[in-house]
1. With a cap of 12 neighbouring Cβ atoms within 10 Å, and only residues DSSP puts in a loop, list the chymotrypsin sites (Phe, Trp or Tyr not before Pro) found in the range 152-243.
2. Filter the GluC sites (Glu not before Pro) in the range 60-167 to those in DSSP coil with at most 15 other Cβ atoms within 10 Å of their Cβ, and list the result.
3. May I ask you to list, by number, the DSSP H helices of the chain whose Cα span along the axis is at least 24 Å and whose average Kyte-Doolittle hydropathy reaches 0.5 or more?
4. Test of understanding: what is the full-extension gain from ARG342 to GLN60, defined as 0.36 nm times their sequence separation minus their Cα-Cα distance?
5. Hey, any idea what Rg/Rh is for the range 1-129, computing Rh the Kirkwood way over Cα pairs?
6. Quick one: what are the phi-derived ³J(HN,Hα) couplings along the range 218-235, Karplus 6.51/-1.76/1.60 with θ = phi - 60°, whole Hz, x for glycine and proline?
7. Could you derive backbone 3J(HN,Hα) for the range 334-342 from the dihedral phi with the Karplus parameters 6.51, -1.76 and 1.60 (θ = phi - 60°), listing whole Hz in sequence and x where the residue is Gly or Pro?
8. Order by neighbour count: VAL127, VAL208, fewest other Cβ atoms within 10 Å first, most last.
Amino acid sequence: MIYLDNHATTPCDPRVVESMLPYFSTAFGNPASTIHKFGRDADNAIEKARKTVSLLIGAQPREIVFTSGATESNNIAIQGLVHGSKNNRKKIVTTAIEHKAILNQCKALSKQGYDIVFLPVNRYGEVEFEAAEKIIDEKTLLVTVQTASNEIGTIQDISNLASIAQREGAFFHTDAAQAIGKIVLNVNDLGVDLLSISAHKFYGPKGVGALFIRGGPYSMPIEALTYGGEQESNLRSGTLNVPGIIGLGKACELCSYELMKDYKHVSQLRDYLEGELKESLHVSINGAFENRLPNNSSITINGVDAEALIVNMPSLALSTGSACTSGALEPSHVLQAIGMSRDLANNTFRIGLGRFNTQKEIEQAADIIIRTATELLRLESKRHKT
Ligand SMILES: *Cc1c(COP(=O)(O)O)cnc(C)c1O
């Protein structure tokens, strides 16, 4: 099997696994129990991880809150602000190409009387600035736009959007789950107030993540969604997932050394794969040309049903769209939002490359995709003739 679904999740780096192991056994202490050494050791390790996470994105350690992943970070950011802010702004601005962890919250908030407005995107999935300048206004509480798309890989110009929000006095949140560890990100260059991270998207463990909060939890009107032992500045109660957080820290540390190496590796493999497919098939590549994640390829092969293609390539692990929407019969909401017809959307699949893919794997994958697509096209034309 060749794993090509690194947008859905990545394998845990063996160095991450190794860093976590002591925290299941010998160093099992509760970081809140600092009266004894077990607790203090755990607490020290957590604070070291907090520092490593903050360094990767140019933040301060106190600006990092550990969570169970990007879904929870997104929920704390958006609903925490909605419940915590005392002004009467009722407008939330987002895009139609966000992850469900954003879109389904917006749906719920719209039932509670919030005005949800979607920024238009062009055919490359880029937010249109002129519209953003008109839509983001003095009634806007929050603007939330993903850093990069989990389907088509498009990277948004977050700093420009954040400055429009700032000018209008609105908060700006970005879901950076796909971008962290793949491209260089700095919260100060981006100018964001809130940023969501998930460890399992960049070779860390599942079920752990972080939320960056500018100035720290006490400097922003964010209300906790759950109550308990007041961990994480009382914003996210519950005993910390110590091994997970250590793993997240290690994943960040590895990226701080290896990001450029990974970038070069996956973009070379991606460009090779796209080149091979273009030579033999009628393909188009979706998403932005320049501002695209280095590991992403959203590919449309004219006339080839993507589900059928994937089913006929059991040795390749890839998907038609995001893990959270695949299984649904509806074509991807992202492909619809960039104006793709239903037919072409059904001809589209997503490849997500990762640190552990090799040139040999990608040569094999290209060969399998070309052979299978060619066979499906042949069967289809035969069916039309008879
Ligand atoms: C994977 C993903 C999420 C969800 O992250 P979890 O840590 O699995 O909750 C949210 N947003 C984007 C863009 C993602 O790719």
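1. Values: sites: PHE171, PHE172, PHE202, TYR203, PHE212, TYR218, TYR227; in loops: PHE202, TYR203, TYR227.
Filter output for the range 152-243: TYR227.
2. Numbers: sites: GLU63, GLU72, GLU98, GLU126, GLU128, GLU130, GLU133, GLU138, GLU151; in loops: GLU98, GLU126, GLU128, GLU138, GLU151.
Qualifying residues, ordered by number: GLU128, GLU138.
3. Values: long enough: 37-56 (29 Å, -0.61); 242-280 (49 Å, -0.31); 359-385 (39 Å, -0.75).
What comes out of the filter, once short or polar helices are dropped, is none.
4. Working: separation 282, 0.36 × 282 = 101.52 nm, distance 4.53 nm.
Length gained, ARG342 through GLN60: 97.0 nm.
5. Numbers: Rg = 19.8 Å, Rh = 18.5 Å.
Taking Rh as the inverse mean 1/r over Cα pairs, Rg/Rh reads 1.07.
6. 7, 9, 10, x, 10, 9, 4, 8, 9, 10, x, x, 6, 5, 6, 6, 6, 8
7. Working through the residues one at a time gives 6, 5, 5, 5, 8, x, 7, 5, 4 Hz.
8. On the way: VAL127 22, VAL208 27.
Going from least to most buried by this count: VAL127, VAL208.
No lab work stands behind these numbers, since they all come straight from the coordinates. None of the values given here were measured: they were computed from a predicted structure. Positions of Cβ are generated from backbone atoms using ideal geometry, with glycine treated the same way; all protein chains shown enter the neighbour counts.
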